[in-house]
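Only the coordinates and a few stated rules stand behind these numbers; no lab work does. Since the structure is predicted, the reported quantities are computational estimates derived from the model, not experimental observations. Every residue, glycine as well, gets a Cβ built from its backbone with ideal geometry; the counts of neighbours run over all protein chains shown.
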Amino acid sequence: MGSIIFIILFGSIVVILLCLTSVFWFGGLLLPIFFKGGPFVPSSNKRMQTMIRLANIKPSDNVVDLGSGEGRFLIGAIKAGANFAEGYEIHPGLVVYSRLRAKLNKMQNKIKIHRQSFWKADVSNATIVFLYQLPDYMQKLQDKLQKELPIGARIISNTFEFPTWPISKQEEKIYVYEKTGQ
Ligand SMILES: C[S@@+](CC[C@H](N)C(=O)[O-])C[C@H]1O[C@@H](n2cnc3c(N)ncnc32)[C@H](O)[C@@H]1O
């Protein structure tokens, strides 16, 4: 009798924990609707490698990923030799996961992940920005980045273009932009 009660109690706790984890994870996936950004659809490995190559990362570069997901671009940028990498992400599960990945890669001193909307991101020190967001937000992102990035900064956008910013390089559906003095 005692062991049956134990099994029922243990089973109930496991089910409750699974439900809470699902609410936490799947609820987080809805957050972009409220924070105005793209859903969690990670860039493919091939796309990521092309984007990092097109970024032409140098040891002086500070990299920002607006909507950093699992933190793959941040880790990739540090591996490619960047000085520092910052991510902005609103999904709390992805923030925890990407911080853990940075730690496991012993990059916690080189990577910072903000649990914050990228609309509030400070990009004034960024020299490279990675983007994979939705077309609906590209005009507003263009306005923010043209206003706030330092001259010479490059933006590498997966799949979606800025409406009026001239493209400086393109490979398949990856677009590179440069902030100039004009
Ligand atoms: C298409 S995924 C890109 C993930 C990663 N950068 C990549 O390319 O693999 C977009 C990410 O942006 C995040 N996101 C959406 N709106 C956001 C916002 N306003 N602020 C911060 N992150 C946001 C989503 O949670 C998601 O992880």
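Determine which aspartates and glutamates satisfy two conditions relative to Lys144: a Cα distance under 15 Å, and not lying fewer than 8 residues away in the same chain.
Filter leaves Asp65, Asp122, Asp136, Glu161, Glu178.
Counting other C-beta atoms within 10 Å, and keeping those with at most 10, which DSSP coil trypsin sites (Lys or Arg not before Pro) do you find in the range 79-179?
Lys106
Which whole number of Å³ per residue matches the convex hull of the alpha-carbon atoms in the chain?
Cα-based convex hull of the chain, divided per residue, equals 127 Å³.
Relative contact order for the range 43-139 using alpha-carbon pairs under 8 Å, separation at least 6, rounded to a whole percent?
32
With a cut-off of 8 Å between alpha carbons and a minimum separation of six or more residues, what is the relative contact order of the chain in percent?
Here the relative contact order equals 19 percent.
Starting from the Cα of Lys112, draw a straight line to each of the lysines and keep only those under 20 Å, dropping any in the same chain fewer than 8 residues away.
Reachable lysines: Lys58, Lys79, Lys103, Lys120.
In nm, give the distance between the simple-model label positions of Asn109 and Ile5, each being 7 Å from the Cα along the Cα-to-Cβ direction.
Distance between label points: 5.5 nm.
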